[in-house]
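Quick notes on the structure that follows.
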Amino acid sequence: MAYSVLRLRKVSALGIPRVLQADQGSLWRFHLEPEFGEFLRLGLLTRNYKKNSGSPKFDFTGTKATSKFDFTDLTCPHTWYPIARKKKRKVILHVGPTNSGKTYNALKHLEQSSSGVYCGPLRLLAWEVAKRLNKANVPCDLITGQEKELVEGATHKAVTVEMADVTSVYDCAIIDEIQMVGCTQRGFAFTRALLGIAANELHLCGDPAVVPLVEDILKVTGDDVEVHTYERLSPLVPLMNPVSSVSSIKTGDCLVTFSRKDIYAHKKIIERAGNHLCSVVYGSLPPETRTAQATRFNDETNDFDVLVASDAIGMGLNLNISRIIFSTLQKFDGTGTRDLTVSEIKQIAGRAGRFQSKFPIGEVTCLYKEDLPLLHSSLKSPSPLIERAGLFPTFDLLSRYSQAHPKHGLYQILEHFVDNAKLSSNYFISNVEDMMKVAALVDELPLGLQEKYLFVVSPVDINDEISGQGLAQFAQNFSKTGVVRLTEILAPDRVKVPKTPTELKELESLHKVFDLYVWLSIRLEDSFPDREVAASQKSICNKLIEQFLAGNRLNSPTRVSRYLRRQKF
Ligand SMILES: Nc1ncnc2c1ncn2[C@@H]1O[C@H](COP(=O)(O)OP(=O)(O)OP(=O)(O)O)[C@@H](O)[C@H]1O
Ligand SMILES: [Mg+2]
């Protein structure tokens, strides 16, 4: 299977040339930080490293790269982390429903430790933890793929899980939302942190459904494991009736729907009724905009008292929601439409009635009566057990395989691992479909394996045309001249307040391109010298998007009804 690559220069409304023909796949793109030495993770890669690219940094197995060695044997991933294996870690699982104080209690241990790291699934969570620790006089760095805010004398770090450092030693560490080990795309980053963080105490917070798997995985590491179970701190009441009409929408409601178009259609219907204004939160909004929207919703002094959101509210944001209203219990997951899982329903519903918030009792219902039975039964059911954790080979393994098969491109190497990986029953090989799309693209360019790998693990949304195109042009220019000037690729001065949903979407994509540039500039400082320009363009995009959302400028010919599956309001 091969993907076609670049077709350049058809300019979009915002001045971005359209390129990249790629298969449509999963909508959610992740970024990861692999095991190829500290230099990539900490951003010390330079154009010259290519000279040394043949020699893997670590040799945990003591084997040489030969075609006889079985590179695809991934049955003992705990041996990839020798520093953690020198420790007998005390692992404490904090498990329970949403809003039960799991993270709160784990953070207390972190605050009291002499050194530590918090690993969360989202930048927003890492931001919040860094803020909280610094406020508590525990100096804490914030490190995500795109930000590095270092605090003088810091003994602690709050990071996104992909940035977890498996070569340092800590007194205490937290991995939040540990059930994400089961995520088909990002699961392996959680597995890596679980096996690789070298801490005396390792706190894992999440859903009880992950307990048997974690216990089983940790049988071979020699760690001590304790399970602490929590109860929800404030009640969550499933309602017997659906929301009958738009006039029943009230302050503190959060309407949940899964397509961007439905979000804007519902916002428009609610606002047209004249009683409420809506903030919106969904995955492709820049994180800063999501936070600004959440803050506006939480702020009682303005009229934006209703939220319309996707499952992007499921984790991370602290929201004053009184009632969750599911507009649907189905979502499109990149390949097809499916019912929400029990854990997804519980995770989203659990956002209502946050402990010590303005609405301490949460309610949950649906827009349509026929969805109520599934909602009620899901809220009563335990989440199905998570049976396997994601796994992905380290860069060292990929590199050794490449040495033994020098003619193979990165696409072929990844394909080989996906097709042939040998795994123990606790693991599955991560879904690397999107990475393979990027690999197919960079394999066309004269780049070394590490350079290609860097683009493959970057936070590009390859299924977003503009974002994918940005990556393609960055990689092309980098391979040609070694230096990528932002202004050669983008015409930022043409960015303007969007007037239509299409323009808004383009602006969101453009934000992703600038974000990608910042990410690359942290790792290839000399080759991507315009980080400040990219960062300031990012913030201009945020402001323009916020201006659009504040002004409720959705005045295009978009017909609301066209986007709604079923007519209710
Ligand atoms: N003992 C406590 N004293 C004061 N506030 C608390 C306490 N326990 C929890 N909280 C607050 O209650 C809210 C929910 O707690 P927390 O975020 O730890 O829940 P959680 O179980 O991790 O939820 P989720 O599964 O949604 O991540 C937070 O705002 C937290 O600060
Ligand atoms: Mg939590």
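Observations
- The criterion of at least 1 residues that are within 16 Å of ligand 1 (Cβ to nearest atom) and either under 14 Å from Ser310 (Cα atoms) or in contact (Cβ under 8 Å) with a residue 24 or more places away in the chain (or both) is met, among strands (runs of 3 or more DSSP E) falling completely within segment 329-371, by 362-366.
- Gly334 within 30 Å of Lys380 (Cβ to Cβ), of a type outside the set (A, V, I, L, M, F, W, C) and either touching a helix residue (DSSP H, G or I) at 6+ places or on another chain (Cβ under 6 Å) or crowded, with 19+ Cβ neighbours inside 10 Å (or both): no
- His228 closer than 22 Å to Thr144 by Cα and either within 16 Å of ligand 2 (Cβ to nearest atom) or not in a helix (DSSP H, G or I) (or both): no
- Pairs are defined by a Cβ separation below 9 Å, a sequence spacing of at least 6 or placement on different chains, a first member in segment 159-185 that is closer than 12 Å to Ala126 by Cβ and free of Cβ contacts under 8 Å to residues at least 40 places away in the same chain, and a second member that is assigned to a loop (DSSP other than H, G, I, E, B) and of a type in the set (Asp, Glu); no pair meets this definition.
- Note on segment 121-148: residues that are within 14 Å of ligand 2 (Cβ to nearest atom) and touching a residue at least 60 places away in the same chain (Cβ under 8 Å) amount to 5.
- Flag not set for Ala189, criterion: away from ligand 1 (no atom under 15 Å from the Cβ) and in contact with a strand residue (DSSP E or B) (Cβ under 6 Å, 6 or more places away or on another chain).
- When segment 417-453 is filtered for residues that are farther than 20 Å from Phe474 by Cβ and either free of Cβ contacts under 8 Å to residues at least 40 places away in the same chain or surrounded by fewer than 17 Cβ atoms within 10 Å (Cβ to Cβ) (or both), the ones remaining, listed by number, are Val418, Asp419, Asn420, Lys422, Leu423, Ser424, Ser425.
- Which numbered condition Thr291 fails, given (1) modelled with pLDDT under 90; (2) buried (at least 17 other Cβ atoms within 10 Å of the Cβ); (3) over 20 Å from Lys358 (Cα atoms): (3)
- Cys119 falls short on exactly one of the conditions (1) surrounded by 16 or more Cβ atoms within 10 Å (Cβ to Cβ); (2) of a type outside the set (Asp, Glu); (3) away from ligand 1 (no atom under 16 Å from the Cβ); (4) modelled with pLDDT of 95 or more, and that condition is (3).
- Pairing each residue of segment 87-102 that is within 12 Å of His228 (Cβ to Cβ) with any residue that is basic (Lys, Arg) and within 6 Å of ligand 1 (Cβ to nearest atom), provided the two are 6+ apart or on different chains, yields C-beta distances under 6 Å for His94/Lys102; Gly96/Lys102.
The values are calculated or read from the model by the stated rules, or taken from the named source; none is laboratory data. Everything numeric in this text was worked out from a predicted model, so none of it was measured. Heads up, the Cβs are rebuilt from the backbone with ideal geometry, glycines too, and the neighbour counts pull from every protein chain shown.
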